[in-house]
Amino acid sequence: QKEVEQNSGPLSVPEGAIASLNCTYSDRVSQSFFWYRQYSGKSPELIMSIYSNGDKEDGRFTAQLNKASQYVSLLIRDSQPSDSATYLCAVLPMRGSTLGRLYFGRGTQLTVWP
Amino acid sequence: DVKVTQSSRYLVKRTGEKVFLECVQDMDHENMFWYRQDPGLGLRLIYFSYDVKMKEKGDIPEGYSVSREKKERFSLILESASTNQTSMYLCASSFIYNEQFFGPGTRLTVL
């Protein structure tokens, strides 16, 4: 079983702060990692993908990957109330092993208060 | 933009009815997926398909079947709906070994 673990939260931060969301995974040979944002009552929306060790920045979002530690994180700088949502971590294992299915964590609920 | 559409946003059915949920994608994706999402349980994969007429069971296939006769369309079938199948159903599609894109979801209530 390929496991993806996230702190369920809720994580609560003030407006303007940095929100840090963490994810660990069990399959050492996983190759691709994704962060989805899901607003209440809506479907998940892809916001970041990362494939190699290090940081990847996109606007206020930074994804960090450490394959040796089997750890991926999402940082949201200058958090806004509109960032309040559940964030899902997803992992794609090695090619050829799962026909391309993703493994999702259960999500971390983030609240940004004004 | 990738577009994944689902046949209904809200659906109410009675116990024992046969229920069809349809999903269509317009990006020529090989893979299509059906999930259900329940509070506290996260996304759970029911079935997925990696090609026309090809399917694989996910983690919770019991009580469900699927059909993929055309590449762009993937149907989820509840042969005899039960109250424990009340849930949010999400369809997704992807190129093989790539990120998935989700449809808007169908909230199904079985009475």
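The values are calculated or read from the model by the stated rules, or taken from the named source; none is laboratory data. All figures in this text were calculated on a predicted structure; none of them were measured in a lab. Because the Cβ atoms are built from the backbone with ideal geometry, glycine has one as well, and the counts that use them run over all protein chains shown. When the accessible area is computed, the model is the full protein with side chains, heavy atoms only, and any ligands, DNA or RNA have been set aside. Shrake-Rupley method; radii C 1.70, N 1.55, O 1.52, S 1.80 Å.
Scanning segment B:90-108 for residues that are assigned to a strand (DSSP E or B), open to solvent by less than 10 Å² (accessible area, probe 1.4 Å) and within 7 Å of chain A (Cβ to nearest Cβ) returns B:Leu90, B:Ser94.
If you filter segment B:40-55 down to residues that are open to solvent by 70 Å² or more (accessible area, probe 1.4 Å) and within 11 Å of another protein chain (Cβ to nearest Cβ), you find that the one that is nearest to A:Ala90 (Cα to Cα) is B:Leu41. Within segment B:24-39, residues that are buried (at least 18 other Cβ atoms within 10 Å of the Cβ) and β-branched (Val, Ile, Thr) reach partners that are at pLDDT below 95 and assigned to a loop (DSSP other than H, G, I, E, B) with beta carbons closer than 9 Å, at six or more positions or on different chains, in the pairs B:Val24/B:Lys3; B:Val24/B:Ser7. Among all positions in segment A:28-46, there is no residue which is away from chain B (no Cβ under 14 Å) and open to solvent by less than 20 Å² (accessible area, probe 1.4 Å).
Test B:Phe74 against the criterion of being crowded, with 16+ Cβ neighbours inside 10 Å, outside any loop (DSSP other than H, G, I, E, B), free of Cβ contacts under 8 Å to residues at least 40 places away in the same chain and out of contact with any helix residue (DSSP H, G or I) (no Cβ under 8 Å at 6 or more places or on another chain), and give yes or no.
Details: crowded, with 16+ Cβ neighbours inside 10 Å: yes; outside any loop (DSSP other than H, G, I, E, B): yes; free of Cβ contacts under 8 Å to residues at least 40 places away in the same chain: no; out of contact with any helix residue (DSSP H, G or I) (no Cβ under 8 Å at 6 or more places or on another chain): yes.
When the stated conditions are applied, B:Phe74 does not pass them.
Filtering segment A:105-114 down to residues that are open to solvent by 30 Å² or more (accessible area, probe 1.4 Å) and not in a loop (DSSP other than H, G, I, E, B), which residue is nearest to the other protein chains (Cβ to nearest Cβ)? Restricting to residues being open to solvent by 30 Å² or more (accessible area, probe 1.4 Å) and not in a loop (DSSP other than H, G, I, E, B), the top hit is A:Gln109.
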